[in-house]
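Trainee: My questions all concern the structure below.
A short reminder: the numbers here are calculations on the coordinates, not readings from a lab. What you see is a predicted model; the values in this text were computed from it and never measured. Cβ atoms come from the backbone with ideal geometry, glycine included; neighbour counts cover every protein chain shown.
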Amino acid sequence: MRFSYHMILAIFFFCSTLCCINISLAHQEFLDVHNQARKEVGVRPLTWNTTLEAYAQNYANSRIDDCAMEHSMGPYGENLAEGHGEMKDADAVKFWLTEKPFYDYDSNKCVQDECLHYTQIVWRDTVHLGCGKANCKNGWVFVICSYSPVGNIDGQRPY
């Protein structure tokens, strides 16, 4: 059976489209949960950024051996999470959002507990998001989301 140039080209574009659909679905959960939280406080939605995604995935890959919850100390805002077994992208973001009750808007402070993961998610000046995830050798899953511009600037309100 001989394939024509056009048939091969059509197959290539079909496969390329499937690849891109899988890539977009891979980060859609991260975006959806972030943007729902942002919508609740009246800030614009984030857009996916492939530079941030590459940065986050590279850092997640570097944690495969130890799964240590250590920040990358890079140029972006970031949230980290780890979980055991199968952890969906939305699970990490929902975990960070459990801090919402600990943010007091009137005083612009965390009360009783941590809230900086939450405030980074809803930081009004942040417009780009990229996340990465890696399965660690110890059976845990390491997740990092990177944000640009960075949030959690002292003295400023997130929204």
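Trainee: Using only the Cα atoms of segment 17-159, what are the Rg and Dmax in Å?
Mentor: For segment 17-159, the Cα radius of gyration and maximum Cα-Cα distance read 14.8, 49 Å.
Trainee: On full extension of the chain, what length is gained from residue 154 through residue 90, given 0.36 nm per residue of separation minus the C-alpha to C-alpha distance?
Mentor: 20.3 nm
Trainee: Using mean Cβ contacts within 10 Å as the protection proxy, how do 107-113, 59-65 order, highest first?
Mentor: Final packing ranking: 59-65, 107-113.
Trainee: Need one number: nm distance between label points at residue 62 and residue 112, each 7 Å from Cα along Cα→Cβ, rounded to one decimal.
Mentor: 3.6
Trainee: Residue farthest toward the positive end of the dipole of segment 35-159, with Cβ of Lys/Arg at +1 and Asp/Glu at -1: which of 134, 67, 45?
Mentor: So the residue furthest toward the plus end is 45.
Trainee: Hey, another quick one. If you add up the charges near residue 148, with Lys and Arg at +1 and Asp and Glu at -1, over every other residue whose beta carbon is less than 13 angstrom from its beta carbon, what do you get?
Mentor: That works out to -3.
Trainee: Applying 1/(1 + (r/R0)^6) with R0 = 25 Å to the Cβ-Cβ distance of residue 28 and residue 104, what FRET efficiency is obtained, to the nearest 0.05?
Mentor: 0.20
Trainee: Now, a different point. Multiply the residue separation of residue 124 and residue 39 by 0.36 nm, subtract the distance between their alpha-carbon atoms, and state the gained length in nm to one decimal.
Mentor: Values: separation 85, 0.36 × 85 = 30.60 nm, distance 1.06 nm.
Length gained between residue 124 and residue 39: 29.5 nm.
Trainee: Filter the GluC sites (Glu not before Pro) in segment 45-112 to those in DSSP coil with at most 14 other Cβ atoms within 10 Å of their Cβ, and list the result.
Mentor: Here the GluC sites (Glu not before Pro) that fit, given the DSSP loop and packing criteria, are 70, 86.
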